[in-house]
Amino acid sequence: MKEFIKYLGEYLRTYPQIRFNRNDEILIRDESMKYLGLTNLNQLRDRFEGQAFFDKTLMNIGGLMSIQKYLKLPLIDITKADLGGFQPKIIIDGKVIDVLVFEFGTLPLIDINKIKNPVFFVIQKDRITFNLCGFTDIKVIKDNLINTTIEKSSQANSMAFIGFKNLSKAEDLIKNKL
């Protein structure tokens with residue numbers, strides 16, 4: 001949390017905040033259960049992987065939908081999305097922007113070897129509230145990474161992004177400043 005406040009603290013109030021309604025969360029939950037072949041909410045909660053899958057899906061789709069709602073873009077049709085390998089991204093004027101959603105209190109982790117497009121950073125503040133940090137290109141990302149003290153085997157090649165002062169505002173996507 002200390003690093004989060006250090007690198008994001010002064011910008012948090014400036015980020016647009018999007019809050020979902022309960023129906024959005026229920027739709028994502030129902031599609032997650034359908035994908036996992038579950039018939040009721042208790043089955044989802046009983047399976048650790050089920051709850052983890054739903055949380056990850058809610059985070060990724062919620063982050064994407066928050067950008068779409070804020071910019072008044074068409075919303076993703078969750079019923080047609082491949083939830084298994086879902087990687088949130090938006091396409092504006094033929095340009096792909098990856099969406100990286102991370103939890104409030106943490107810094108976003110990036111595997112520099114897997115970055116292919118500009119990235120839009122979104123904070124998941126709570127289950128249904130998202131803050132839109134902004135977006136930037138690959139060069140800015142590469143120039144603003146630090147090693148993190150979190151060492152997990154699946155994230156061993158990942159570094160924390162700290163260049164929030166260099167992000168462009170969400171509105172700039174529509175103004176073609178990509």
Practice task
Find, among the trypsin sites (Lys or Arg not before Pro) in segment 39-146, those assigned to loop by DSSP (not H, G, I, E, B) with at most 16 other beta-carbon atoms within 10 angstrom.
Solution key: Arg47, Lys72, Lys116, Arg127
Practice task
Taking only Cα atoms and a 10 Å spring cutoff, compute GNM fluctuations for the chain and point out the largest among Pro16, Pro74, Pro108.
Solution key: Pro74
Exercise for the section: Return the inverse of the average 1/r over all pairs of distinct C-alpha atoms in segment 1-92, which is the Kirkwood hydrodynamic radius, in Å to one decimal. Expected result: 14.8
Practice task
Using DSSP, restrict attention to beta bridges with both residues in segment 2-174 and report what percent are antiparallel, rounded to the nearest 5.
Solution key: 75
Exercise for the section: Take the Cα atoms of the chain, build their convex hull, and give its volume per residue in Å³. Expected result: 126
Completion exercise
Between the Cα axis of helix 22-36 and the main Cα principal axis of the chain, the angle (0 to 90°, nearest 10) is 70
Completion exercise
Comparing Asp98, Asp30, Asp126 in a Gaussian network model of the chain (Cα, 10 Å), the one with the largest mean-square fluctuation is Asp126
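Computed from the coordinates by the stated procedures, all read-outs in this text should not be read as laboratory data. Because the structure is predicted, anything quoted here is derived from the model rather than measured. For neighbour counting, all protein chains shown are included, and Cβ atoms are generated from backbone atoms with ideal geometry for every residue, glycine included.
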